[in-house]
Amino acid sequence: MEFIIKISQFLLSLSLLIVLHELGHFIPAKLFKTRVEKFYLFFDVKFSLFKKKIGDTVYGIGWLPLGGYVKISGMIDESMDKEQMALPPQPWEFRSKPAWQRLIIMLGGVTVNFVLAALIYMVMAFAYGETDIATASIKDGYFITNPILEDMGAKTGDNVLAINGEPVTGYNAMRPKLIEAKKITIDRNGEKIVLTTPEDFLGQLSTGEDRTLFQLRTPFVVAQVVDSSANKNADLKEGDIITAVNNTKLKYFDEFGPFLETLKGQTVQVDILRDFESITRELKVDEDGKFGIYPFSGANAKTYEKLGYYNVITKTYGLGESIGVGATRFKEQIVGYWAQLGMIFNPSTGAYKGVGGFKAIFDVFPSTWSWEAFWSITAFLSIMLGVLNLLPIPALDGGHVMFLLYEMISGRKPSDKFLEYAQMVGFFILIALVLFANGNDVFKALFK
């Protein structure tokens, strides 16, 4: 069931982005009376799952979900229709239109991607507002398990004060900034310490088994008792919070491991908070120093706030405010993605090791349906699609734009033969990038 939910979100998001991107090319092409021969969701290699011709355009759905396309008459694109290009130019063809019209047609797709992302962020600000955890209210620091952070000198209990010199105020807002961190200022028992990330921090993080960073310290919340556990028949319920063992208070889940190591094979008395009322139970500690209980991994922020673990910041926005908040978030996301892209193309950062393909995108979606998560991910993917399409690689929109700008500035149009060769080179570059990204997914699945 979890797979069905994830794949449904993945395909819905991908389909929406592809259709709207191609619609961004389709609409200006039609406005400038340029013939569009095909409008396809996914690729129709050899055959289509569905197709219907309306006017001059065949609308269809291909079987290969690697993207989509519009085939515009008289344009050198991935179809490599040399026969058409060998004929004299016709008034309805792309190559017969003024350079400024061709530029608008080529920029239409990425424009839609960016406008869509900005609109989603604006609507989300209005519909959901913003919820974050005030970092100043986190009294006992964070839980550290990643050996990369430990090698840098980070320890459980450290509080993050600033990233690259910029103070942090919200936990959710802090996490994406950690990816690009060079310097992390922490508070350890009242002492300020500056941690320096390694140059290939992102590369190490991408290839490591533990990709966590500064994790919230939460109580031991019962999710499920393992079938083979000696505590299978104990009176435990989902959501129970274990607060003490043998009268020793244990506030955080990370404190239980070391403590239970000293009680292997023993029966202990535990204090449990159930619906904010205290009860006691007897549990057995196995020979591995565990209860045999799966902890609840989700963060119920409001419940933890009631228990005094931290303060939750909730902001709501009116219609006018949502426009500004959404625009700011869009700007932050696009600047952040450009920065990450720059790191990927810098071998010294090792960020290229973390490049993923379709599986990586699939894994981003949650296993439970959440419209808020769906739209947030879709907005970011729309930015990603827009930015990647602007790269000056022939066969991408950015490659076509590059040649059009050259034509408009120099007054000379590149020959069709040159554009054909450039398209072929760009196509092979794209294939190599797709194979590399998805190859990374396969490597991680097989060897992690």
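For the reader, a short list of remarks on this structure follows.
- In the context of the full set of protein chains, the stretch 1-121 has a per residue accessible area of 50 Å² (1.4 Å probe).
- Rounded to the nearest 500, the helix-only mean residue ellipticity at 222 nm of the chain stands at -14500 deg cm²/dmol, with each DSSP H run of n ≥ 4 adding -39,500 (n - 2.57).
- Summed over all non-identical Cα pairs, the Kirkwood treatment of the chain gives a radius of 25.6 Å.
- Heavy-atom surface analysis with a 1.4 Å probe gives the chain a carbon and sulfur content of 61 percent of its accessible area.
- Based on C-alpha pairs under 8 angstrom that are at least 6 apart in sequence, the stretch 194-312 has a relative contact order of 26 percent.
- Given +1 at the Cβ of Lys and Arg, -1 at the Cβ of Asp and Glu and no other charges, the dipole of the stretch 277-436 around its Cα centre is 300 debye to the nearest 20.
- Here is the result for the stretch 150-204: no trypsin sites (Lys or Arg not before Pro) lie in DSSP coil with at most 10 other C-beta atoms within 10 angstrom of their C-beta.
- In units of the rule-of-thumb radius 2.2 N^0.38 Å, the stretch 154-282 shows an alpha carbon radius of gyration of 1.36.
- Antiparallel DSSP beta bridges within the chain, as percent of all bridges there, nearest 5: 95
- A simple charge model with +1 on the Cβ of Lys and Arg, -1 on the Cβ of Asp and Glu and nothing else charged puts the dipole of the chain at about 1360 debye relative to its Cα centre.
- Global size of the stretch 276-320 as Cα Rg and Dmax, reported in angstrom: 17.9, 60
- Rounded to the nearest 20, the size of the Cβ-charge dipole of the stretch 56-188 about its Cα centre is 220 debye, with Lys and Arg at +1 and Asp and Glu at -1.
- Unit charges at the beta carbon, dipole of the chain: most positive-side option, Phe143, Gly129, Tyr294: Gly129
- For the set Lys237/Lys264; Lys183/Lys302; Lys139/Lys251; Lys71/Lys359; Lys182/Lys315; Lys139/Lys264, the pairs lying more than 20 angstrom apart at their alpha carbons are Lys237/Lys264; Lys183/Lys302; Lys71/Lys359; Lys182/Lys315; Lys139/Lys264.
- The chain: DSSP helices with Cα axial extent of at least 27 Å and average Kyte-Doolittle hydropathy no lower than 0.0: 2-31, 99-128, 319-344, 416-447
- Protection-proxy order for peptides 109-122, 34-47, each taking the mean of Cβ atoms within 10 Å per residue, highest first: 109-122, 34-47
- 1.4 Å probe accessible area per residue over the stretch 336-408, in Å²: 43
The values are calculated or read from the model by the stated rules, or taken from the named source; none is laboratory data. Computed from a predicted model, the values in this text were never measured in an experiment. With ideal geometry, Cβ positions are generated from the backbone for all residues, glycine too; neighbour counts draw on all protein chains shown. Ligands, DNA and RNA are excluded from the accessible area calculation, which covers all protein heavy atoms including side chains. Shrake-Rupley method; radii C 1.70, N 1.55, O 1.52, S 1.80 Å.
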